[in-house]
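Below you'll find the structure, written out as structure tokens, and then a few comments.
The values are calculated or read from the model by the stated rules, or taken from the named source; none is laboratory data. Fair warning: this is a prediction, and the values are worked out from it, not measured in the lab. Note that each Cβ is placed from the backbone with ideal geometry, even for glycine, and that neighbours are counted across all protein chains shown.
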Amino acid sequence: MAVTLDAQLLEVLACPAADHAPLRPGTPDDPDADALTCTSCGRVYEVRDGIPVLLLDEADLPDTDSDGGDQRAKDEPDGA
């Protein structure tokens, strides 16, 4: 089901990450998903019951790892 937010609201919503880029409806894989995607960093924010959840901790990060692995594992020091 596609996101149905007021056009004026969608105009003023921005990614809470440092770049504060505009958001667009849907996800890269599903333009009709109940989500908003940052046009800069690619984070995907879920829309629950018509309310965008713009929390960095709950956003899905884009998969930039070419082998499909978990990026967090690479950020941890070796031997941890």
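Quick notes
- Tally of residues being of a type in the set (Gly, Ala, Ser) and modelled with pLDDT of 90 or more across the range 1-21: 4
- Pairs where the first residue, in the range 6-19, is farther than 15 Å from Val53 by Cβ and the second is in a helix (DSSP H, G or I) and at pLDDT below 90, C-beta under 8 Å, 6+ apart: none
- Subset of the range 38-54 (residues that are of a type in the set (Val, Ile, Thr), out of contact with any Pro (no Cβ under 9 Å at 6 or more places or on another chain) and either over 18 Å from Ala18 (Cα atoms) or touching a residue at least 40 places away in the same chain (Cβ under 8 Å) (or both)): Ile51
- From the options Pro31, Pro62, residue that is at pLDDT below 95, under 10 Å from the mean Cα position of the chain (by Cα) and part of a loop (DSSP other than H, G, I, E, B): Pro62
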